[in-house]
Amino acid sequence: MSEVVHVAVAVILNEADDVCISLRHQDTHQGGLWEFPGGKIETGETVEQALAREIAEELDLIIEFSRPLITITHHYSDKAVCLHVRRVLAYKGHALGAEGQQVKWVPVSKLTLYDFPAANLPIIKAMMLPEKYLITGDFIDHHDFMKKLDAAIKRGMKLVQLRLKSGSLKRTAQAQALIAATSQLCKQSKVKLMLNLSADYIQAVDLSHVEFDGFHVDSKELMALSHRKSGRLFSASCHNNDELRKAEALQSDFVVLSPVQKTASHPEAQALGWQQFTGMVENISVPVFALGGLSEDDVETAWSCGAQGVAAISAFWR
């Protein structure tokens, strides 16, 4: 196995929320494909130092502030790379192809129209996800559920998991109505909706006329799958390295890793802690939300530990 080449990569967005991409020269590795700008980390450099140098050389931009986004290890047939991706939050200058390369600003939603190296694809997945992920919790009735969901969306939630397990509602018609109302509110609010439904609801409700973005499965369902559900987003709950590797093998769009801290809902579960969480996330090239005893106040800590952001029930469902 060849030595892994460590690369610093920048995700740079302008005021219009367009992202900067550049075209690789034909005579380079993966030539003729679009990429997020960056370059090899030299001996003795930190990721931030390498990124600042490469972006100045490639785009004539000065990076003022950035944060971790995702770390990706990918094995091509001829080499292996580890991409240390950072989201640039502030910069100075106007981007230009200082090394003769073509440079474009592209809406994030249009990135899938461009051909990227395989190692760059998880970056696109990460960019299309927010930093907070709401998992719906307990509710008294339909009205109470919708009141809590509406409040969460008004507080800025852009990704919601509707979690309905066996016994959540007594009648199929109630579940059907709740799913339909949730779908309508999420669509109106431009919120991504993931469905996490127990097998009895999946079989009983009609989803053919419901608009939603994807399916979420628990760890037991994940380990039993031979392939992912296609045509929509797919995510999974994970608690150990085996489950993370299975989620990655199934090409999950993102995962939730828990519990990071002790929780009242699962007091018997052994907390991972941030150190163990970091080590586990480093080995998976999929966006990971941290879950378990966390709140909005933990988002920056989660970023520093390699997470996409924070998922929560109680902290976001109130």
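The values are calculated or read from the model by the stated rules, or taken from the named source; none is laboratory data. Because the structure is predicted, anything quoted here is derived from the model rather than measured. Positions of Cβ are backbone-derived with ideal geometry, glycine not excepted, and every protein chain shown enters the neighbour counts. For the accessible areas, the whole protein counts, side chains as well, though only heavy atoms, and no ligand, DNA or RNA atoms are used. Shrake-Rupley method; radii C 1.70, N 1.55, O 1.52, S 1.80 Å.
Just a few scattered comments:
- Here r is the Cβ-Cβ distance between Glu48 and Ala173 and R0 is 45 Å; the resulting FRET efficiency, rounded to 0.05, is 0.25.
- Ordered by 1.4 Å accessible area with all protein chains kept, Met146, Met280 run largest first as Met146, Met280.
- Residue among His209, His266, His142 with the largest mean-square fluctuation in a Gaussian network model of the chain, springs linking Cα atoms under 10 Å: His209
- For the chain, a Gaussian network of Cα nodes joined below 10 Å ranks Leu129, Leu225, Leu23 by mean-square fluctuation, and the top entry is Leu225.
- Counting only protein heavy atoms and using a 1.4 Å probe, the accessible area of Glu131 comes to about 70 Å².
- Judged by the gyration tensor of its Cα atoms, with axes a ≥ b ≥ c, the stretch 163-305 is prolate; a/c meets the 1.5 cut and a/b is the larger of a/b and b/c.
- Angle of helix 47-59 to the longest C-alpha principal axis of the chain, folded into 0 to 90 degrees and rounded to 10: 60°.
- Annotation for the stretch 1-79: GluC sites (Glu not before Pro) lying in DSSP loop with at most 12 further Cβ atoms inside 10 Å of their Cβ are Glu3, Glu15, Glu42.
- Ranking Gln26, Ala290, Thr182 by Cα position along the charge dipole of the chain, where only Lys, Arg, Asp and Glu carry charges on their C-beta atoms, puts Thr182 farthest toward the positive end.
- Centre-to-centre, using Cα atoms only, the stretch 240-318 and the stretch 134-158 are separated by 21 Å.
- Dipole of the stretch 178-318 [Lys/Arg +1, Asp/Glu -1 at C-beta], most positive-end residue of Leu195, Ala264, Met223: Leu195
- Residues of the chain were split at every exposed loop site, defined as chymotrypsin sites (Phe, Trp or Tyr not before Pro) in a DSSP loop with at most 16 other C-beta atoms within 10 angstrom, and the longest piece left, sites excluded, is 115-318.
- Simple label model, 7 Å out from Cα along Cβ direction - Arg232 to Val103, nm: 4.1 nm
- Computed accessible area, Ser314, all protein chains, 1.4 angstrom probe, square angstrom: 100 Å²
- In sequence order, calculated HN-Hα J values of the stretch 214-231 (Karplus, 6.51, -1.76, 1.60; Hz; x Gly/Pro): x, 10, 10, 10, 7, 5, 5, 4, 4, 5, 8, 7, 9, 7, 7, 5, 9, x
- Full-extension gain in nm, Glu221 to Phe65, via 0.36 nm per residue minus C-alpha separation: 52.1 nm
- Using a Gaussian network model of the chain in which every pair of alpha carbons under 10 angstrom is joined by a spring, one finds that among Gly39, Gly167, Gly293 the greatest mean-square fluctuation is at Gly167.
- Overall form of the stretch 58-179 per C-alpha gyration tensor (a/c, 1.5; a/b vs b/c): prolate
- Each part gets one Cα centre, and for the stretch 186-208 versus the stretch 3-38 those centres are 36 Å apart.
- Degrees, to the nearest 10: 172-188 long Cα axis against longest axis of the chain: 30 degrees
- In degrees, nearest ten, helix 142-154 long axis to first principal axis of the chain (Cα): 20 degrees
- Candidate aspartates and glutamates for bridging to Lys246, where Cα separation is under 16 Å - those fewer than 8 sequence places away on the same chain excluded: Asp218, Glu221, Glu282
- Per-residue SASA entry for Thr301, accessible area with 1.4 Å probe, Å² rounded to 10: 50 Å²
- Dipole moment magnitude, nearest 20 debye, the chain about Cα centre, only Lys, Arg, Asp, Glu C-beta charged: 1180 debye
- Computed over the chain: relative contact order in percent, which uses C-alpha pairs under 8 Å that are six or more apart: 16 percent
- Here semi-axes √(5λ) of the Cα gyration tensor in Å was calculated from the structure, and among (1) 37, 21, 19; (2) 34, 22, 19; (3) 43, 24, 16 it sits at label (1).
- Relative contact order %, the stretch 1-145, counting alpha carbon pairs below 8 Å whose residues are six or more apart: 28 percent
- For the residue pairs Lys148/Lys170; Lys187/Lys229; Lys165/Lys192; Lys132/Lys262; Lys165/Lys220; Lys154/Lys220, alpha carbon separations beyond 23 Å are given by Lys154/Lys220.
- Atom-type composition of the exposed protein surface of the chain places 50 percent of the accessible area on carbon and sulfur (1.4 angstrom probe).
- Dipole magnitude for the stretch 164-318: computed about the Cα centre from +1 point charges on Lys and Arg Cβ and -1 point charges on Asp and Glu Cβ, it is near 500 debye.
- Summing Cβ point charges (Lys, Arg +1; Asp, Glu -1) relative to the Cα centre of the stretch 1-149 gives a dipole of roughly 320 debye.
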